[in-house]
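This report concerns only the one structure given below.
The values are calculated or read from the model by the stated rules, or taken from the named source; none is laboratory data. Owing to the predicted nature of the structure, the values given are computational and were not obtained by experimental measurement. So basically every Cβ, Gly included, is an ideal-geometry build from the backbone, and we count neighbours across all protein chains shown. Calculation scope for accessible area: heavy atoms of the full protein, side chains included, ligands and nucleic acids excluded. Shrake-Rupley method; radii C 1.70, N 1.55, O 1.52, S 1.80 Å.
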Amino acid sequence: MNERFTITTPIYYVNDKPHIGHAYTTILADVLARYHRLLGDDTFFLTGTDEHGQKVQKAAEKAGITPREQADQTVVRFQDLWKKLEITHDDFIRTTEERHTKVVQDILQDLYDRGEIYKAEYDGLYDVTSETFITEKDLPEGKSVEDLPNITRIKETNYFFRMSKYQDWLIEYIEQNPSFILPSFRRNETLGFLRKPLQDLCISRPKSRLNWGIELPFDSDYVCYVWFDALVNYISAPGYLRDDDRFAKWWPCDIHLIGKDILTTHTVYWPTMLKAMGVEQPRTIFAHGWWLFGEAKMSKSLGNVVNPMDLIEAYGVDAFRYFVTTEMIPGQDASFSEDAFIRRYNADLANDLGNLLSRLSNMIGRYCDGKLPDGNRTFDDGSPERLLWNDVQIAVDAMASAVNDLRIDQGATAAVSAVKNINRYLEIKQPWTLAKQEQHEELHRTLYTAAEALRVASALLFPVMPSKMGEVRHALGLDATRPDIARLKEFGVLQPGTAITPPGSLFPRIEREKATDTEPPGSVQPPEPPRSANKAPKEKAESGAAVPGVITIEDVAKVEMRTARVVDAEAIKGADKLLRLEVMIGDKRRQIVAGIALHYKPDDLIGKTVVVITNLKPAKLRGVESNGMLLAATRGEKLTLITVDREISSGATVR
Ligand code: MSP
């Protein structure tokens with residue numbers, strides 16, 4: 001393709017720390033920018049902070065600091081979050097920077113000189129919350145000024161931009177350019193707004209009322225209205241009036257990504273400002289919906305604002321990026337809940353993606369010495385390989401359209417559904433049975449095909465989860481930083497013989513509640529020894545003193561441990577944490593119930609050599625008899641079974 005692509009986010013107010021709404025817009029822009037870069041497009045991704053105006057001045061007053069200090073302290077919180085979220089913006093503009101303020105002043109002077117800005121007395125209503133002048137018609141139905149504490153009547157001399165004269169032009173422009181405002185229902189919203197007569201826009205605030213702003217170059221008693229200042233960032237950053245070549249390269253912008261609450265400023269103020277300046281219009285202004293908390297709007301006063309940092313700390317950056325990009329249908333509102341987060345994480349990331357990589361690399365380790373086998377690369381019509389590859393190609397096409405239509409949620413969902421199909425393919429082909437039956441050719445074809453399909457899926461998901469997909473690609477012996485997006489339609493890119501390095505657990509399952517009624521990872525928990533303050537422990541340390549928790553060699557000798565080979569495994573109905581295993585200990589078959597179902601699938605266990613405590617009293621778990629306990633290492637949410645380092649027959653003593 002090799003085009004150029006410019007994308008922007010709104011610039012964020014520095015009156016408060018970032019929340020999920022800010023993080024969402026920025027992640028969505030980042031995902032799109034990353035896709036375009038992979039496609040070979042020359043990309044410019046701009047974000048930044050909106051540092052002037054009443055909101056920031058008030059926050060500073062409240063904190064007892066200057067507005068500049070307020071801005072300097074808060075901008076770091078945004079920049080830190082973007083770093084943490086692996087946001088790859090090419091420029092970060094602060095509206096207090098000279099490269100911006102000077103351009104705003106030049107624009108104001110030019111518009112003033114050309115009569116586009118004039119001075120007049122204003123006598124009317126003012127909305128303190130949105131810092132806008134309003135008319136009686138803008139009041140909510142049935143309400144008067146007296147009912148609304150945020151609305152005041154003011155009489156003030158100010159400067160106005162002749163916005164009204166562009167009303168007819170703007171309506172026509174929007175009608176003739178269907179992709180100028182997206183989604184289309186937002187376009188209709190703006191057209192609806194434009195049915196009422198458009199007022200001129202007050203672009204000044206007297207310093208007596210607000211002094212934290214850019215001074216008007218033609219009247220030092222006034223500062224510029226914060227929106228007239230902020231919107232200009234989109235052109236000051238790429239070099240308007242300062243660097244013609246750079247500006248010509250990056251403007252017009254392809255996508256201004258915004259939230260639905262700032263639709264009017266972006267689709268009415270901004271286009272008319274550009275028209276008056278004689279600057280080309282952006283190609284698309286896309287308004288996404290709101291993140292709600294349950295049904296409610298997030299707000300500081302309700303105390304329901306979701307802090308992205310908390311989620312990142314708890315579940316990881318990539319899981320957070322994945323959740324926000326897939327959970328919200330861009331354009332519509334989405335409701336945030338931690339339960340939904342965990343559900344999506346466990347289903348898509350832990351069960352599908354993480355599990356696929358781990359079982360595939362384990363099987364390649366076990367059956368092919370850890371080297372990608374040289375599988376037959378031709379497909380027969382109707383074969384499972386052909387069907388799988390078709391599914392994967394559907395995801396490739398879905399992602400291509402998703403990038404164009406700004407429906408990354410759909411593209412990512414299609415990629416994860418391809419991953420589910422790879423897991424399904426493995427279940428159909430049963431490589432463990434092929435291995436047992438020594439059907440090497442079919443085994444190699446299966447493992448190679450699954451690995452190729454995973455290569456494609458990981459490339460599709462790379463812009464959404466760059467670190468984790470980098471790990472998948474590294475495990476497959478591929479470039480972990482730059483997936484070759486041009487080769488997604490090609491089968492046979494992976495090099496046979498490549499060492500497949502099993503990664504750590506990619507997405508460890510999240511368990512909501514800590515196990516309370518649950519069994520330990522092995523099957524039977526030895527009864528707690530009675531604890532009595534009066535009873536001294538029997539054992540003595542060398543000194544002769546009893547040391548609680550220390551045991552002797554005789555105690556260890558009491559526990560009989562053996563190697564065992566898992567020959568069968570299945571889930572136990574109604575017990576989502578338990579598996580029923582059949583193991584061979586020498587030539588004896590035993591049944592063991594183990595609480596490992598959240599960490600292992602039955603198929604992954606068959607053929608493994610594990611360690612079992614064999615002289616434990618039998619117990620029944622959910623009505624199923626268990627004769628022994630598996631050993632496992634656990635830390636936090638993670639669990640891994642203890643296995644043997646080298647080949648040894650089952651029934652061997654473990655000491
Ligand atoms: N400074 C202006 C934008 C100027 S752009 C030239 C501004 N800043 S903001 O910090 O208040 O909001 C920035 C963006 O965050 C807006 O697009 C807004 O829609 C978005 N969000 C704020 N809360 C949100 C949610 N709860 N959900 C989704 N996005 C929301 O407006």
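Here are the numbers:
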| item | result |
| --- | --- |
| Rounded percent of accessible protein surface that carbon and sulfur make up, region 342-487, 1.4 Å probe | 46 percent |
| Residue order for GLU61, GLU582, GLU295 - accessible surface, 1.4 angstrom probe, largest first | GLU295, GLU61, GLU582 |
| Heavy-atom accessible area ranking, 1.4 Å probe, most first, across GLU116, GLU511 | GLU511, GLU116 |
| Cα-centred dipole magnitude for the chain, charges only on beta-carbon of K, R (+1) and D, E (-1), debye, nearest 20 | 2200 debye |
| Per residue value of the accessible surface for the chain (all protein chains in place, 1.4 Å probe), Å² | 46 Å² |
| Partner lysines for LYS260 [C-alpha distance under 18 Å; skip if fewer than 8 residues away on the same chain] | LYS297 |
| Simple Cβ-charge dipole of region 342-487, Lys/Arg +1 and Asp/Glu -1, about Cα centre, in debye nearest 20 | 400 debye |
| Cα gyration tensor category, rounded, prolate or oblate, for the chain with a/c compared to 1.5 | prolate |
| Low-density loop cleavage sites - trypsin sites (Lys or Arg not before Pro) in region 238-320, where at most 11 other Cβ are within 10 Å (DSSP) | LYS300 |
| Whole-angstrom gap from region 158-186 to region 601-655, using each part's C-alpha centre | 69 Å |
| Loop-resident sites, region 256-304, for chymotrypsin sites (Phe, Trp or Tyr not before Pro), counting at most 13 other Cβ within 10 Å (DSSP) | none |
| Cross-link partners of LYS558 among lysines (Cα-Cα below 19 Å; sequence separation of 8 or more within a chain) | LYS538, LYS540, LYS617 |
| Over the chain: helical MRE at 222 nm, DSSP H runs n ≥ 4 each giving -39500 (n - 2.57), nearest 500 | -11000 deg cm²/dmol |
| Distance between region 263-336 and region 393-446 - C-alpha centres, whole angstrom | 32 Å |
| Loop-resident sites, region 620-655, for GluC sites (Glu not before Pro), counting at most 10 other Cβ within 10 Å (DSSP) | GLU647 |
| Shape category assigned to region 342-487 from the gyration tensor of Cα positions, a/c cut at 1.5 | prolate |
| For region 61-119 and region 337-387, distance of Cα centres in Å | 47 Å |
| Antiparallel bridge percentage (DSSP; both residues within the chain; nearest 5) | 70 percent |
| Distance (nanometres) between label positions extended 7 Å along Cα→Cβ at ALA120 and VAL145 | 1.8 nm |
